[in-house]
Amino acid sequence: MRRPRHLSAEERALWDRVAERTTPIDPKRPAVAPNRPAPAKPVAKHEPLPRFSVGQSANGHRPHDVLPGISDRLSAAPVNMDHKSFGKMKRGKLKPEARIDLHGMTVAEAHPELVAFILGSQSLGRRLVLVITGKGKDRNDGGPIPTRHGVLRHQVPQWLALPPLSQAILQVTPAHLKHGGHGAYYVYLRRRR
């Protein structure tokens, strides 16, 4: 992180002259000059953590607050396409024009396949494609840190949000149950220009 640049003596004198001629909007609030620390804000109080003793097993299924789940993040994403078409797509009324199944692939194998499929589909003029990732195996290693299942299920939306795929994609959303549910994604492509 860069350190802030401090004002020179000439800049400070100019600031003081301007500040003398102005009237505060809120006279009760103290004025804060540039590059001077603002008054400290009260620290919000957090709920205490539950008691834990050595030897006690951790609850691996307890929700964490690090990052919301992938379906929550995709649901909260703004709708970039036509709302009527988006509603049809979410209800499974639109039929995907093509699909790719990434089941059984490693991350190293799946990424180039996905890139080729998405960019190829866009060049062919397709609008809606289905990317099947699978739901993943539920593996609990018993450790204190929760492990996510479904590596591709979590990785694919991140790949779709990065170049070179991001320029080709208009919307990504979990598929309807008849097209794979949480084990697949609808990818709505931009028109090629």
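The values are calculated or read from the model by the stated rules, or taken from the named source; none is laboratory data. These numbers were taken from a predicted model, which means no experiment stands behind them. All Cβ positions, even for glycine, are placed from backbone atoms using ideal geometry, and neighbour counts span all protein chains on display. Ligands, DNA and RNA are excluded from the accessible area calculation, which covers all protein heavy atoms including side chains. Shrake-Rupley method; radii C 1.70, N 1.55, O 1.52, S 1.80 Å.
Annotations for the structure displayed:
- Members of segment 1-27 that are in a helix (DSSP H, G or I) and acidic (Asp, Glu): Glu10, Glu11, Asp16, Glu20
- Val115 surrounded by fewer than 18 Cβ atoms within 10 Å (Cβ to Cβ) and over 30 Å from Ser57 (Cβ atoms): yes
- Residues of segment 71-96 classified as open to solvent by less than 40 Å² (accessible area, probe 1.4 Å), at pLDDT 90 or above and not hydrophobic (A, V, I, L, M, F, W, C), total: 4
- Qualifying residues in segment 132-165 (those that are surrounded by fewer than 15 Cβ atoms within 10 Å (Cβ to Cβ) and at pLDDT 90 or above) - the one nearest to Phe52 (Cα to Cα): Gln158
- Taking the conditions (1) modelled with pLDDT under 95; (2) under 19 Å from the mean Cα position of the chain (by Cα) in turn, His111 satisfies each one other than (1).
- Matching residues in segment 166-193 - criterion: being open to solvent by 30 Å² or more (accessible area, probe 1.4 Å) and among the polar types (S, T, N, Q): Ser166, Gln167
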